[in-house]
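Engineer: Below are the structure tokens for one structure; questions will follow.
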Amino acid sequence: MVMDLSSKDNLLEGKAKWTTDALEALKLTFIHNINDLESAPRYQPGFVYQHFGENETIFGYEDLEVTVNYTDVSLYIYPEVRYKLKYKGDEDLKADDIVQLLKEQLPNDQLNMLVESKAEFHNHLIKQKAFKPFGELIRKYEGNGQKFEVFKITEGSPEFDAYLARAQTLALWYIEAAQYTDQSDEAWMHYFVYEVCDNGEGDGSKYRKFAGYSSIYRYYAYPDKIRPKIAQLLLLPKYRSAGNGARLLQSIYQDLWATPKVLDIAVEDPGDLFQLLRDYVDCMNCLSLTEFSPQHLKEGFTENMRIAAKEKFKIIKTQARRVYEILRYRSLNKNDEAEVKAYRLNVKNRIYAPQKKSEKDWKRMHAALDKEEALKAAASEIEIFEHLAKEYEAHVEIYQKVVDRLEKYPSIY
């Protein structure tokens, strides 16, 4: 039985007792059968600040557990809140209304996606048996004994827009600064990936379990092209670290490559993990280009490399340069000091290029300095060199992760 406490004695001193780390207390589940509510795997979110504030804490409970259950196909939500003690305060200080805080982050027209009874949730589980994916099937693939299908959606509808909104509630848990897309803007397009599962009814029938999605905005490029920019790409935790991210991204790439109007493909503010994924896939693709062969990589980043990467794989210039640096690092003879030094200087020059002055400006500035100012300028140069060294090491550390993955997984599919 849940106990309410009204005493505020020593509340400030004992506030930690009533304050819970929301990242630790909250878990997500994906349910197919109502009997799995207690036994389904629990997944920790990456972020909870959009729901519970910048401190990512929940006030007013002791031994708090919050489980946000999703139907695994249709993505309806049933939250369960459990605790040992609840603080019963006055108007100035009350326990957080957890369910209400969850509701406040839902789209205004999708508040009914959150249900507050097990019976309602069970009803959605029954209804989802009739679910059919939206859009066009563009690819099937297999991995780790599982079968997947990728669908493309280029036009909205009331039913799809509602489904997309439910899927994008997951982005708030896993993508920093995620927002819902404006489906009234026809420039949006989306890709959804599903695991194809047996219904278990003995008749060979299948159902498609939501595994992830990507939202892409098609920017206009004069005069008659488009520049797709990946805004979101999300895989559920169950499907990560198994090659599915690379397969989904490659499926998206291949579909966009086949679209004549696509000029190039970009990514909006990629996080560290997505950038690693992008680097791996782009490097894997560019390994097939003669322009990125080891003998050409030693010559530096060339216009031929940029053109080949763009024409064949729609890679933008900055990413093509990054691919060049990774692949050159991969082919580097680490025992050849001259070769390593040449590579290091090449990367440092690229890092420093946006901030360095022309030689003429630099000499003019030094000529105008007195002795004390010149010493300060020299000290500033030393700081710049130290910063460049740290930047270079940080880049190489990331590049090594990509190289390791290229060696471990020499094929995307």
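Engineer: In the range 36-65, what count of residues is obtained for those that are assigned to a helix (DSSP H, G or I) and surrounded by 21 or more Cβ atoms within 10 Å (Cβ to Cβ)? Show your work before the answer.
Structural biologist: Here is the first cut: in the range 36-65, the residues assigned to a helix (DSSP H, G or I) are 36, 49-52.
Next, only the ones that are surrounded by 21 or more Cβ atoms within 10 Å (Cβ to Cβ) stay: 51-52.
Qualifying residue count, the range 36-65: 2.
Engineer: Starting from residues that are surrounded by 10 or more Cβ atoms within 10 Å (Cβ to Cβ) and more than 11 Å from Y392 (Cβ to Cβ), keep the ones in the range 341-360 and report whichever is modelled with the lowest pLDDT. Break it down stepwise before answering.
Structural biologist: First pass over the range 341-360, keeping only residues surrounded by 10 or more Cβ atoms within 10 Å (Cβ to Cβ): 341-352, 356-357.
Going one step further and asking which of them are more than 11 Å from Y392 (Cβ to Cβ), we end up with 341-342, 356-357.
Details: K341: 97, A342: 97, K356: 63, K357: 53.
Per the stated criteria, the residue is K357.
Engineer: Yes or no: the range 135-144 includes at least one residue that is crowded, with 18+ Cβ neighbours inside 10 Å, modelled with pLDDT of 95 or more and not assigned by TED's automatic domain parsing to the domain that holds V48.
Structural biologist: Taking the range 135-144 first, the residues crowded, with 18+ Cβ neighbours inside 10 Å are 139, 141.
After this cut, where a residue has to be modelled with pLDDT of 95 or more as well, the list is 139, 141.
Within this subset, residues satisfying the condition of being not assigned by TED's automatic domain parsing to the domain that holds V48 are 139, 141.
Taking every residue of the range 135-144 in turn, at least one turns out to be crowded, with 18+ Cβ neighbours inside 10 Å, modelled with pLDDT of 95 or more and not assigned by TED's automatic domain parsing to the domain that holds V48.
Engineer: Quick one: which of N112, N33, N108, N69 is loosely packed, with under 15 Cβ neighbours inside 10 Å and either in contact with a helix residue (DSSP H, G or I) (Cβ under 9 Å, 6 or more places away or on another chain) or not assigned by TED's automatic domain parsing to the domain that holds A16 (or both)? Outline the logic, then answer.
Structural biologist: Numbers: N112 fails: either in contact with a helix residue (DSSP H, G or I) (Cβ under 9 Å, 6 or more places away or on another chain) or not assigned by TED's automatic domain parsing to the domain that holds A16 (or both); N108 fails: either in contact with a helix residue (DSSP H, G or I) (Cβ under 9 Å, 6 or more places away or on another chain) or not assigned by TED's automatic domain parsing to the domain that holds A16 (or both); N69 fails: loosely packed, with under 15 Cβ neighbours inside 10 Å.
Going through N112, N33, N108, N69 in turn, the sole match is N33.
Engineer: When you scan the range 184-206, how many residues do you find that are crowded, with 19+ Cβ neighbours inside 10 Å and either more than 24 Å from A162 (Cβ to Cβ) or of a type outside the set (V, I, T) (or both)? Even if it seems obvious, please write down each step before you answer.
Structural biologist: Taking the range 184-206 first, the residues crowded, with 19+ Cβ neighbours inside 10 Å are 188-195.
Remaining after also requiring either more than 24 Å from A162 (Cβ to Cβ) or of a type outside the set (V, I, T) (or both): 188-192, 194-195.
The total comes to 7.
Engineer: Taking the conditions exactly as written (touching a residue at least 40 places away in the same chain (Cβ under 8 Å) and acidic (D, E)), does D72 satisfy them or not? Outline the logic, then answer.
Structural biologist: Numbers: touching a residue at least 40 places away in the same chain (Cβ under 8 Å): yes; acidic (D, E): yes.
Yes.
Engineer: What are the residues in the range 36-59 that are within 17 Å of D96 (Cα to Cα) and in contact with a helix residue (DSSP H, G or I) (Cβ under 7 Å, 6 or more places away or on another chain), if any? Before you say what the answer is, go through the steps one by one.
Structural biologist: Looking only at the range 36-59, we keep the residues that are within 17 Å of D96 (Cα to Cα), and these are 48-59.
Within the range 36-59, V48, Q50, H51, F52, E56, T57, I58, F59 meet the criteria.
Engineer: So which residues in the range 201-246 are over 19 Å from Y174 (Cα atoms) and of a type in the set (S, T, N, Q), if there are any at all?
Structural biologist: Residue satisfying the conditions is S205 alone.
Engineer: Would you be able to say whether some residue in the range 117-125 is within 22 Å of V48 (Cα to Cα) and modelled with pLDDT of 95 or more? I'd like the intermediate steps shown before the answer.
Structural biologist: Restricting attention to the range 117-125, the residues satisfying the condition of being within 22 Å of V48 (Cα to Cα) are none.
No: the range 117-125 contains no residue that is within 22 Å of V48 (Cα to Cα) and modelled with pLDDT of 95 or more.
Engineer: Could I ask something else about it? Please indicate, with yes or no, whether at least one residue in the range 254-262 is in contact (Cβ under 8 Å) with a residue 60 or more places away in the chain and in contact with a strand residue (DSSP E or B) (Cβ under 8 Å, 6 or more places away or on another chain). So that I can check it myself, show each step before the final result.
Structural biologist: Restricting attention to the range 254-262, the residues satisfying the condition of being in contact (Cβ under 8 Å) with a residue 60 or more places away in the chain are 254-255.
If we keep only those that are in contact with a strand residue (DSSP E or B) (Cβ under 8 Å, 6 or more places away or on another chain) as well, we get 254-255.
Checked the range 254-262: at least one residue is in contact (Cβ under 8 Å) with a residue 60 or more places away in the chain and in contact with a strand residue (DSSP E or B) (Cβ under 8 Å, 6 or more places away or on another chain).
Engineer: In the set K147, K152, K206, which member is within 20 Å of Y70 (Cα to Cα) and charged (D, E, K, R)?
Structural biologist: Values: K147 fails: within 20 Å of Y70 (Cα to Cα); K152 fails: within 20 Å of Y70 (Cα to Cα).
After ruling out the rest, the residue left standing is K206.
Engineer: Just to be sure before I move on: is R139 assigned to a strand (DSSP E or B) and more than 24 Å from L114 (Cβ to Cβ) in the structure I sent?
Structural biologist: Values: assigned to a strand (DSSP E or B): yes; more than 24 Å from L114 (Cβ to Cβ): yes.
Judged against the criteria, R139 is a match.
Engineer: Then there's this: Which one of these does L235 not meet: (1) farther than 24 Å from G271 by Cα; (2) of a type outside the set (S, T, Y); (3) touching a strand residue (DSSP E or B) at 6+ places or on another chain (Cβ under 6 Å)?
Structural biologist: (1)
Engineer: Scan the strands (runs of 3 or more DSSP E) fully inside the range 152-239 and keep the ones with 2 or more residues being at pLDDT below 95, out of contact with any Pro (no Cβ under 7 Å at 6 or more places or on another chain) and not hydrophobic (A, V, I, L, M, F, W, C). Show your work before the answer.
Structural biologist: Numbers: elements: 188-198, 206-221, 225-235.
In the range 152-239, there are no strands (runs of 3 or more DSSP E) which contain 2 or more residues that are at pLDDT below 95, out of contact with any Pro (no Cβ under 7 Å at 6 or more places or on another chain) and not hydrophobic (A, V, I, L, M, F, W, C).
Engineer: Quick check: is even one residue across the range 277-300 touching a strand residue (DSSP E or B) at 6+ places or on another chain (Cβ under 9 Å), of a type outside the set (D, E) and surrounded by fewer than 18 Cβ atoms within 10 Å (Cβ to Cβ)?
Structural biologist: Filtering the range 277-300 down to residues touching a strand residue (DSSP E or B) at 6+ places or on another chain (Cβ under 9 Å) leaves 277-278, 282, 285-286.
Adding the requirement that they be of a type outside the set (D, E) leaves 277-278, 285-286.
Next, only the ones that are surrounded by fewer than 18 Cβ atoms within 10 Å (Cβ to Cβ) stay: none.
Taking every residue of the range 277-300 in turn, none turns out to be touching a strand residue (DSSP E or B) at 6+ places or on another chain (Cβ under 9 Å), of a type outside the set (D, E) and surrounded by fewer than 18 Cβ atoms within 10 Å (Cβ to Cβ).
Engineer: Within the range 245-255, can one find any residue that is surrounded by fewer than 17 Cβ atoms within 10 Å (Cβ to Cβ), closer than 25 Å to R218 by Cβ and not assigned by TED's automatic domain parsing to the domain that holds Y413? Before you say what the answer is, go through the steps one by one.
Structural biologist: Restricting attention to the range 245-255, the residues satisfying the condition of being surrounded by fewer than 17 Cβ atoms within 10 Å (Cβ to Cβ) are 254.
Next, only the ones that are closer than 25 Å to R218 by Cβ stay: 254.
Checking the rest, the ones that are also not assigned by TED's automatic domain parsing to the domain that holds Y413 come to 254.
Among the residues of the range 245-255, at least one is surrounded by fewer than 17 Cβ atoms within 10 Å (Cβ to Cβ), closer than 25 Å to R218 by Cβ and not assigned by TED's automatic domain parsing to the domain that holds Y413, which makes the answer yes.
Engineer: Additional query: Show me the helices (runs of 4 or more DSSP H) entirely contained within the range 265-342 in which 3 or more residues are within 21 Å of Q400 (Cβ to Cβ). Please lay out each step first, then the result.
Structural biologist: Values: elements: 272-286, 294-297, 303-313, 317-331.
So the answer is 272-286, 317-331.
Engineer: Pull up the range 227-242, narrow it to residues that are surrounded by fewer than 19 Cβ atoms within 10 Å (Cβ to Cβ) and over 12 Å from the mean Cα position of the chain (by Cα), then point me to the one that is farthest from R139 (Cα to Cα).
Structural biologist: R227
The values are calculated or read from the model by the stated rules, or taken from the named source; none is laboratory data. Just so it is clear, the model here is predicted, and its values are computed rather than measured. Neighbour counts are summed over all protein chains in view; Cβ atoms, including those assigned to glycine, are modelled from backbone coordinates with ideal geometry.
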